[in-house]
């Protein structure tokens, strides 16, 4: 079976099950993380679809590392691995990860990594004639990670 023949959405939803999540406190915690992220897969897929509109053809894997605080909110997220020809896909996914609220962990903070595999089922094509304007996800992520200015 050639995975590239699967529709993007189907492979995208299966990706966490195929690639896995790095070890957490327990198997239940891993499954809870997978389930929570899977509920938001359409939003993550939009990151990839947006880049496809600009580039025409992309594929690859993005791994987002994140930290869950005691209240279940994501306190940090970053692109740990990205082999997609458009870095905005990973930055967009990292920004979306920060919006997710997980079940509060038994011990915090919890550090996790989540892989996203994107496959474009269409044959490689030419870039679109009128691509949309570039996105600023990476710049936005850098602003969030910048240290707060010192108090006077």
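Each value in this text was obtained by applying a stated rule to the coordinates, not by laboratory testing. If you're wondering where the values come from, they're calculated on a predicted model, not measured in any experiment. Note that we place each Cβ from the backbone using ideal geometry, even for glycine, and neighbour counts take in every protein chain shown.
Details
- By other beta-carbon atoms within 10 Å, ranking 92, 138 with the fewest at the front produces 138, 92.
- In nm, spacing of pseudo-spin labels at residue 85 and residue 144 (7 Å Cα→C-beta vector): 2.7 nm
- Ranked by the mean number of other Cβ atoms within 10 Å per residue, highest first, peptides 68-78, 47-57 order as 47-57, 68-78.
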